[in-house]
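J.: Sending over a structure as structure tokens; questions will come in a sec.
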Amino acid sequence: MTPGSIRPEPILPAAIRPEPLLEVQGVGKTYGSVRALAGVSASVGAGEVLCVLGDNGAGKSTFIKILSGTHQHSEGTLLAFGVERRFAHPREALDLGIAAVYQDLAVVPLMPVWRNFFLGSEVTRGRGPLRRLDVASMRATTKHELGRMGIDLRDVDRPIGTLSGGERQSVAIARAVYFGAKVVILDEPTSALGVKQAGVVLSYIARARDRGLGVVFITHNPHHAYPVGDRFLLLQRGTSMGDFAKSEITIEEMTALMAGGAELEALAHELERP
Ligand SMILES: Nc1ncnc2c1ncn2[C@@H]1O[C@H](COP(=O)(O)OP(=O)(O)OP(=O)(O)O)[C@@H](O)[C@H]1O
Ligand SMILES: [Mg+2]
């Protein structure tokens, strides 16, 4: 299959898609003389999952760093909730409700789950010298919020380091939702996980979507992206190979586009026994 065989994007009536929460038009980024990203357009609306796919070095992390305020774009426009923005700091994006969850989650492994859930935003009660952490309330809230995301942890006092990778990712998603995220950006949350755990994380992505959040999900695995995604942005060496709605691309077409179908075929020949 060649890229040319992909159907061109039809023009959908506006009513079918929600208003974008986040949108980029022709966005690009250079690091010194390295052009990491150029001319990328995509958007995500409430209750939608935008998957960003591409091989190593395709520009996926660069793309989400622009969305989350870690890096500024050097060209194009970024619109957040309909307003053009240029974030100087991740805090600015976070204050608007754009939260990024990175793969190397910033957790304190020996601290309980509830403590990690409230890390940096601890609830206290009392005043002055009598000010204490409100442990009971933080415990209860953590349990409740995890439950709302369908995460059943009997004991929120467990050190977070004893949870599986998938569970930790899920706690991070629940945390972002609780602290007011309208858009969550996930950088390869499933790449280090086995099949079952990846499934766990995918189901939390679906939950977040069903609660009306916009989700930007970065992965290089079409089999993780396809079942949960509504739209697919395919990146290759810093440029966009297209932004497709699910109805416009099959998983086979996506896989072939990503791997460079011809390259894989050539490799298959090379690997054949003489
Ligand atoms: N801080 C930086 N300085 C210079 N070049 C960078 C920097 N960050 C990324 N790059 C380059 O930009 C390109 C895109 O990198 P990026 O990390 O966005 O890719 P990626 O799709 O996330 O890859 P991976 O799947 O390996 O995480 C690469 O060629 C990379 O070497
Ligand atoms: Mg990356």
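J.: Restricting to the range 43-64, name every residue that is more than 20 Å from Asn221 (Cα to Cα) and either within 16 Å of ligand 2 (Cβ to nearest atom) or hydrophobic (A, V, I, L, M, F, W, C) (or both).
T.: Passing the criteria: only Ala46.
J.: Could you tell me which numbered condition His223 fails, if it satisfies all but one of (1) within 16 Å of ligand 2 (Cβ to nearest atom); (2) within 23 Å of Gly47 (Cβ to Cβ)?
T.: (1)
J.: If I filter the range 147-156 for residues that are within 29 Å of Phe63 (Cα to Cα), of a type in the set (Lys, Arg) and assigned to a helix (DSSP H, G or I), do I get at least one hit?
T.: Checked the range 147-156: no residue is within 29 Å of Phe63 (Cα to Cα), of a type in the set (Lys, Arg) and assigned to a helix (DSSP H, G or I).
J.: Say whether the condition of being away from ligand 1 (no atom under 16 Å from the Cβ), more than 19 Å from the chain's Cα centre (by Cα) and surrounded by 13 or more Cβ atoms within 10 Å (Cβ to Cβ) is met by at least one residue in the range 125-132.
T.: No, the conditions are met nowhere in the range 125-132.
J.: Here are the criteria: (1) out of contact with any His (no Cβ under 8 Å at 6 or more places or on another chain); (2) within 16 Å of ligand 2 (Cβ to nearest atom); (3) closer than 27 Å to Ser203 by Cβ; (4) assigned to a strand (DSSP E or B). Tell me which single one Val40 does not satisfy.
T.: Just one mismatch for Val40, condition (3).
J.: Still on this structure, I have one more. Take Ser164 and decide whether it is in contact with a strand residue (DSSP E or B) (Cβ under 8 Å, 6 or more places away or on another chain), of a type in the set (Ser, Thr, Tyr) and more than 26 Å from Ala93 (Cα to Cα).
T.: So Ser164 does not fit the description; no.
J.: Looking at (1) without any contact (Cβ under 8 Å) to a residue 12 or more places away in the chain; (2) within 19 Å of Gly229 (Cα to Cα), which one does Leu193 not meet, given that it meets all the others?
T.: (1)
J.: Across the range 175-190, which residue is farthest from ligand 1 (Cβ to nearest atom) among those that are in a helix (DSSP H, G or I) and in contact (Cβ under 8 Å) with a residue 60 or more places away in the chain?
T.: If we take residues in the range 175-190 being in a helix (DSSP H, G or I) and in contact (Cβ under 8 Å) with a residue 60 or more places away in the chain, then Tyr178 is farthest from ligand 1 (Cβ to nearest atom).
J.: For the range 194-220, which positions are within 16 Å of ligand 2 (Cβ to nearest atom) and assigned to a loop (DSSP other than H, G, I, E, B)?
T.: Within the range 194-220, just His220 meets the criteria.
J.: Filter the range 43-85 for residues that are within 21 Å of Ala245 (Cα to Cα), over 14 Å from the mean Cα position of the chain (by Cα) and part of a strand (DSSP E or B); which is nearest to ligand 1 (Cβ to nearest atom)?
T.: Leu78
Read-outs: derived from the displayed coordinates by stated rules, not from any lab. Note that the structure is predicted; figures quoted are calculated from it, not measured. Heads up, the Cβs are rebuilt from the backbone with ideal geometry, glycines too, and the neighbour counts pull from every protein chain shown.
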